[in-house]
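Taking it in order: structure first as structure tokens, then the write-up.
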Amino acid sequence: MSEELGKYPFCIIKKDSVDDLGRAVLDGEERQLLAIPYKEFAMVVAEAPIKIYHPKKENVMNHQNTISAVMEQTDVIPMSFGNVFQSEEDIELLLQNLYENLQELFPQIEGRFEVGLKVIAKKEWLQEEMNNQSKAQKLKKKIENKSKEASYYDRIELGDFARTFMKSKGEEAAQAIFLPLAEIAASAKQTQTLGEKMLLNTSFLVDARKEEEFDAKVNELYEQWEDKVEFKYTGPWPAYNFIDIKLEARKVQ
């Protein structure tokens, strides 16, 4: 008995903006991409079994790679991973429900792409900066001369000071790195940092006409900070962090 096939959505594009959508790898199988239109928009989908699609790394990467490949040809609004519809009519109904949102959203992302920049402090620089803090020096000396039990509250105080210190370094990096880039970008966001050494976790929506200017500014800032931090600069991506509506298909139960 053959599996029931549904429609797995990847992204929304302007209708007729791509001649050949190509193929996608979905759950280990290669499938042709199709466009289901509604008025001036279309959903890029693949015919695929109606089932649960597990978010293992390979599957998520293939989903993202498919969206990125379409984005090389036209502007896209990405769909989240792992959704599936039973029929073409269900896709058309979703597009109908989202139509007003899409009319408002597409002009905001047309001709633009997202890049990410993570700024991670070098361990040696952080230690040197921390050692230059007189309060940190005093707390470390107090801890050195006490047992682990006796220095319990001193270690808590040192930990609190270290967090305050890292926050101040993050604010310094935001002023020196994030704000100059935000002035060039069409939009910019800071999100929560990850790990103990990350100073900035940022996303920028960049107009394609300003791509060279933006890249040049990233390089200029890196040269100014390269003794202190590492830059992790990624993209271009679809505008994942700049889409305000939740575009999800109905999930398989």
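The values are calculated or read from the model by the stated rules, or taken from the named source; none is laboratory data. Since the model is a prediction, treat every value here as computed from it, not as a measurement. Cβ coordinates were reconstructed from backbone atoms using ideal geometry, including for glycine residues, and neighbour counts include every protein chain displayed. Ligands, DNA and RNA are excluded from the accessible area calculation, which covers all protein heavy atoms including side chains. Shrake-Rupley method; radii C 1.70, N 1.55, O 1.52, S 1.80 Å.
Given q = 0.14, 0.19, 0.22, 0.25 Å⁻¹, what are the Debye log10 I(q)/I(0) values for the stretch 43-128, with equal point scatterers placed on the Cα positions and solvent ignored? Ignoring solvent entirely, the Cα scatterers give -0.68, -1.06, -1.27, -1.38. Counting heavy atoms of the protein chains alone, GLU4 has an accessible area of about 120 Å² for a 1.4 Å probe. For the stretch 21-28, putting each phi into the Karplus relation 6.51 cos²θ - 1.76 cosθ + 1.60 with θ = phi - 60° gives couplings of 6, x, 10, 10, 9, 10, 6, x Hz, in residue order, rounded to whole numbers and with x for Gly and Pro.
Per-residue accessible area (protein heavy atoms, 1.4 Å probe) orders HIS63, HIS54 as HIS54, HIS63, starting from the largest. Accessible area of GLU3 (1.4 Å probe, protein heavy atoms only, ligands and nucleic acids ignored): about 120 Å². Quick check: the distance between the Cα centres of the stretch 177-226 and the stretch 42-91, to the nearest angstrom? After rounding, the separation between the Cα centres reads 28 Å. When you filter the trypsin sites (Lys or Arg not before Pro) in the stretch 47-97 for DSSP loop state and at most 16 other Cβ atoms inside 10 Å of their Cβ, you are left with LYS51, LYS56. A 1.4 Å probe over all protein chains sorts GLU129, GLU58, GLU220 by accessible area into GLU58, GLU220, GLU129, starting with the largest.
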